[in-house]
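Read the structure below first, then the notes.
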Amino acid sequence: MNKLAYSTILLPMENTRKEQTTINSQKEISWDKHRIEGIHSTMLDRVVNVEVFTPPSFKSSSQSLPVLILNDGQDSETMNLLEILNQLQKDEEISPFIVAGVFCGDRIQEYGVASKPDYKKRGSKAKAYSRFVIEHLLPTLSHRFRVDLNHPQNAIAGYSMGGLSAMDIAWNHPEYFPRMGAFSGSFWWRKKGLDQGYSEHDRIIHGLIRKSRIRKGMKFWFMAGTEDEKADRNKNGIIDAIDDTLDLIAELIKLGYKPYYDVAYYEVKGGKHDVPTWGRAMPEFLKWAYGK
């Protein structure tokens, strides 16, 4: 470890499409997949589509459930997320929850750290994206899918830049997201380029954590692959993706979070910076966040 003021337009409920996959089993265990299309955000200046996965118990119960917001929700099909959920359900390894995958728009600008763009001015819409999630998406999910906005298992997660975004949104809104997951998070996000006098203190999310106070009750899950990249800025024999992740974990521990109990780290041997690797890690994250 050493190392609200914008307008939105929702299509009517009847325009929500629903798909269902049935698993061959003696008892019904399949999750349902829904599509919410046409959420218009003037702040993001685009239409947002969301894919929602509901557990088998959703149809037969009126219980409100925790939610997992996934950045880069368009990758769920490539990842075979529905099959992952069904297998975990069949093995009785997870409790009921809802997944909402948000399809990305201009991910270079919408993902990042809300308080500060990076040295190339990327992440300029990160604050707008954060507001969209908090002010519009969560109320919509609460209304349509009985999401419990105060549940202690509510989480947000993402891949690469989406992981950076998830960390930033959770840190700034722990009342909505007491849990966070980052798959190969882009924690290199920095104020200066490597040729501009860069130092490790220029990493933006690390600095944000370093200057903050502990958010009690939060829990964090980080993942990195040993072949996430080849870059090694400080020539210490550890790739930057792992270094940056472990350094961020160290900052959290300095604030008072307990390793293993509050902060989990999952390293995938041979894992690359791609959807198949994140799919391999997804069951571990889901068991961590929603396991029985």
**Prompt:** Of the residues that make up region 73-88, is at least one over 24 Å from Met282 (Cα atoms), over 14 Å from the mean Cα position of the chain (by Cα) and surrounded by fewer than 17 Cβ atoms within 10 Å (Cβ to Cβ)?
**Reply:** no
**Complete:** Pairs returned, first residue in region 34-46 that is crowded, with 17+ Cβ neighbours inside 10 Å, second residue that is assigned to a strand (DSSP E or B) and of a type in the set (Lys, Arg), beta-carbon separation under 8 angstrom, 6 or more apart or interchain, are His34/Arg17; His34/Lys18
**Request:** Answer yes or no as to whether Met13 is surrounded by fewer than 17 Cβ atoms within 10 Å (Cβ to Cβ) and either among the basic types (Lys, Arg) or modelled with pLDDT under 95 (or both).
**Result:** yes
**Request:** Would you mind finding the one in Ala231, Ala170 that is more than 21 Å from Ala289 (Cβ to Cβ) and among the small types (Gly, Ala, Ser)?
**Result:** Ala231
**Request:** Among what's in region 229-251 and is of a type in the set (Val, Ile, Thr) and surrounded by 18 or more Cβ atoms within 10 Å (Cβ to Cβ), pick the residue that is nearest to Ile214 (Cα to Cα).
**Result:** Ile249
**Prompt:** Taking into account only those residues within region 157-211 that are in a helix (DSSP H, G or I) and among the polar types (S, T, N, Q), which is surrounded by the most Cβ atoms within 10 Å (Cβ to Cβ)?
**Reply:** Ser165
**Complete:** Exception for Trp221 within (1) surrounded by fewer than 18 Cβ atoms within 10 Å (Cβ to Cβ); (2) within 24 Å of Lys116 (Cα to Cα) falls at (1)
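The rows are residues; the columns are (1) touching a helix residue (DSSP H, G or I) at 6+ places or on another chain (Cβ under 6 Å); (2) under 27 Å from Arg233 (Cα atoms); (3) aliphatic (A, V, I, L, M).
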residue	(1), (2), (3)
Gly163	no, yes, no
Ala166	no, yes, yes
Trp171	no, yes, no
Phe183	yes, yes, no
Phe187	yes, yes, no
Gly193	no, yes, no
Gln196	no, yes, no
**Condition met for Lys272 (surrounded by 14 or more Cβ atoms within 10 Å (Cβ to Cβ), under 19 Å from the mean Cα position of the chain (by Cα) and of a type in the set (Lys, Arg))** = yes
**Prompt:** From Ser165, Ser124, which residue is among the hydroxyl-bearing types (Ser, Thr, Tyr) and farther than 15 Å from Val102 by Cα?
**Reply:** Ser124
**Message:** Against the conditions (1) more than 30 Å from Phe58 (Cβ to Cβ); (2) among the charged types (D, E, K, R); (3) crowded, with 22+ Cβ neighbours inside 10 Å, where does Asp106 fall short? Just the number, please.
**Reply:** (3)
**Message:** Go through (1) crowded, with 24+ Cβ neighbours inside 10 Å; (2) aromatic (Phe, Trp, Tyr); (3) more than 23 Å from Phe220 (Cα to Cα) for Phe145 and report which single condition fails.
**Reply:** (1)
**Request:** May I ask you to list pairs of residues, at least six apart or on different chains, whose Cβ atoms are under 9 Å apart, with the first in region 276-292 being at pLDDT below 95 and the second being not in a helix (DSSP H, G or I)?
**Result:** Lys292/Glu92; Lys292/Glu93; Lys292/Ile94; Lys292/Ser95
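The values are calculated or read from the model by the stated rules, or taken from the named source; none is laboratory data. Here the structure is a predicted model, which means the values were calculated and not measured. Heads up, the Cβs are rebuilt from the backbone with ideal geometry, glycines too, and the neighbour counts pull from every protein chain shown.
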